[in-house]
Structures are given as C-alpha cells and as structure tokens.
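Taken together, the values in this text are just the output of simple stated rules run on the coordinates, not laboratory data. Small disclaimer: the values here were computed from a predicted structure and weren't measured. Virtual Cβ from ideal backbone geometry, glycine too; neighbours counted across all protein chains shown.
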Amino acid sequence: MATIKKERLIFGLYLLALIVVIELILHRFHLPAWPVFLVMILFFECHMDRSRAPHLLLGGLVGIGCYMLTVEFVQLAAPLLGVATARLAFICLVVYTIVAVGEAIPWLFNNYAFMFFLVSGLAATTEGAAPAPLAWMGVEVVGGIFVLVGVLGIRGLLARGTATQ
C-alpha cells in the first residue's frame with residue numbers, strides 16, 4: 001500500500017497558498033481563474049516538465065484563438081449552413097488541424113490547444129457574462145507563467161529543504 005509522504009503534504013500546503021493568492025488577485029480584478037488553473041492542471045499532467053511549458057502556454061493561446069475563430073466562422077457560415085452545422089464543421093477543422101499539423105508544429109498545435117479550445121467553448125456558455133477570450137488569453141499567459149514559476153519554486157524550495165536535512 002502506498003504511503004502519504006511528508007513532502008507531498010508540505011507541497012500541497014504551499015500549493016494551496018499559491019491558489020489562494022492567485023484567486024484573490026484575479027477576483028480583485030474581476031478576471032476569470034480557469035485559464036490559470038487549467039495551465040496548472042496540465043502542467044501537473046506533464047509531470048512538471050519545464051520543457052513542456054512553452055507548448056502549454058502557446059497551445060493554450062491557440063486553443064482560445066480557435067474558439068474566437070469558431071465564433072467568427074459560425075457567424076459567417078450560419079446563413080448558408082445553419083448554426084449547428086457551421087459550428088460542427090469548424091470544430092472538425094480545428095481538430096483535424098491539431099492532429100494533422102501537430103507533429104510539424106507541436107508547440108502550437110497540441111493536446112493543450114485542444115483542451116483550451118474545449119474549455120473556452122464551455123466557459124463561453126457558463127460564465128454568466130459575455131465571453132472575453134482576449135482576457136482569457138492574457139490571464140492564461142500572465143497567470144500561467146506565474147503559476148508555473150510558483151509550482152517550480154515550491155518544488156525547488158522543498159528539494160533544497162530535503163537536501164539540507
């Protein structure tokens with residue numbers, strides 16, 4: 001049976017402090033938190049591999065950008081195709097592009113772009129306010145960098161503490 005490690009408990013406490021700070025700052029400026037926390041979750045999913053950070057941040061921008069293009073495409077194509085068909089056609093185009101071009105341009109077209117595209121569409125329908133993809137992009141980049149530095153800083157702090165013991 002796996003045991004609970006002291007380092008994980010301490011990491012979790014520092015992480016909670018980081019989450020509270022981020023949440024308070026974003027709340028103060030009436031900005032959505034989901035782009036930052038999606039960066040955090042996906043960073044944990046890639047095992048906190050620093051080399052994945054550019055792929056994550058750029059892919060996030062691409063995903064949110066694809067949401068913006070979806071809105072534009074649907075507005076233009078809906079009179080001809082209908083809203084549902086136009087939306088589905090563009091979603092298929094985005095997914096195909098991510099799959100087809102992903103190996104050639106992996107820092108832009110990747111699973112992170114796909115996830116941010118999906119979550120942007122969900123956020124647009126559930127936030128209660130008008131969608132703000134440019135704000136999402138800003139929060140994703142600035143907040144994403146902040147959270148990545150914070151998580152890596154916590155890990156480094158704990159590694160130094162363990163090394164001195």
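A few remarks follow.
- Point-to-point label distance, W107-A78, nm (Cα→Cβ direction, 7 Å offset): 3.7 nm
- Helix 111-126 vs. the chain, principal-axis angle (Cα, 0 to 90°, nearest 10): 70 degrees
- The stretch 83-165: radius of gyration over Cα atoms, expressed as a fraction of 2.2 N^0.38 Å: 1.54
- Taking other C-beta atoms within 10 Å as the exposure proxy, M48, M115 rank M48, M115 from fewest upward.
- The chain - mean residue ellipticity at 222 nm from DSSP helices (-39,500 (n - 2.57) per run, n ≥ 4, rounded to 500): -26000 deg cm²/dmol
- Label positions at L88 and I25, each projected 7 Å from the Cα along the C-beta direction, are separated by 4.3 nm.
- From least to most packed, judged by other beta carbons within 10 angstrom and beginning with the fewest, Y67, Y112 follow the order Y67, Y112.
- Modelled label positions at I10 and L134, each set 7 Å beyond Cα in the direction of Cβ, lie 4.5 nm from each other.
- Listing L157, L31 from fewest to most neighbouring C-beta atoms within 10 Å gives L157, L31.
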